[in-house]
Amino acid sequence: MIVTYHLEKWQGREIIRLELVEGKFKGISSIVPERSLGENYKIVVAVLEEYEALLKEAKSAQIFGLFEKLEEYFPEHPKVLFSLSCAMLDLFSKRYGVSLEEMLDVPERTVEEVERADVLVFPEAVGHVLRVAGFLSAMRSVGERVFLVIREYPDPVTNSILNLLKKLSNGFVEGSWG
């Protein structure tokens, strides 16, 4: 698998456009560094370079264990793992001809926006998409009211995955980038 990334401008800020390529298939996502958290693109690119060696040898079929290996190799970078997993899910769905909706098979539920919530989950702070989905499901199963913080991403893949994750929460809160 080939990992490519480059800087772009989006809404007056620098973002990182991420692509995972396997053969003729490509998965995309993006990472939005937040200055309010002390992040900048240089840190994110350094993390991607650390992960690149493992990703280079990986195949899209390894999607379920790959992110655990990445995290074990170089931990504490959930935002990068979230973006990589969005790109990997996109690549996997194109490579194997299965839609993201089928892959995540989230039950159809009406999810409403709330103004204020007790338990807020920022998906990019949890880690890869499958961990976010598991966390939301586990919290709901023990009776917690969990609300996803949805922020607009510069790519349609990440936004569609966030829409699927919304269905696993009790609702969502619109957020903005810091």
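Here are the numbers for the structure shown:
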| quantity | calculated |
| --- | --- |
| Residue in the range 1-10 that is at pLDDT below 95 and charged (D, E, K, R) present | no |
| Hits in the range 20-51 (condition: part of a helix (DSSP H, G or I) and in contact with a Gly (Cβ under 9 Å, 6 or more places away or on another chain)) | Arg35, Ser36, Leu37 |
| Which listed residue, of Glu49, Glu22, Glu14, is of a type in the set (D, E, K, R) and either touching a residue at least 40 places away in the same chain (Cβ under 8 Å) or open to solvent by less than 40 Å² (accessible area, probe 1.4 Å) (or both) | Glu22 |
| From the options Val98, Val111, residue that is exposed (fewer than 15 other Cβ atoms within 10 Å of the Cβ), aliphatic (A, V, I, L, M) and in a loop (DSSP other than H, G, I, E, B) | Val98 |
| The range 127-140 - residue that is assigned to a helix (DSSP H, G or I) and closer than 13 Å to Cys86 by Cβ and, of those, most open to solvent (accessible area, probe 1.4 Å) | Arg131 |
| Whichever residue in the range 141-178 is assigned to a helix (DSSP H, G or I) and out of contact with any Leu (no Cβ under 7 Å at 6 or more places or on another chain) and, among such residues, is surrounded by the most Cβ atoms within 10 Å (Cβ to Cβ) | Thr158 |
| Among (1) at pLDDT below 95; (2) in contact with a helix residue (DSSP H, G or I) (Cβ under 8 Å, 6 or more places away or on another chain); (3) more than 12 Å from Leu84 (Cα to Cα) - the single one Val44 does not satisfy | (3) |
| Count of residues meeting criterion [assigned to a helix (DSSP H, G or I) and open to solvent by 50 Å² or more (accessible area, probe 1.4 Å)] in the range 114-126 | 1 |
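The values are calculated or read from the model by the stated rules, or taken from the named source; none is laboratory data. This is a predicted model, so every value here is computed, not measured. Glycine gets a Cβ as well: all are built from the backbone with ideal geometry, and neighbour counts include every protein chain shown. Accessible surface areas use protein heavy atoms only, side chains included; no ligands, DNA or RNA. Shrake-Rupley method; radii C 1.70, N 1.55, O 1.52, S 1.80 Å.
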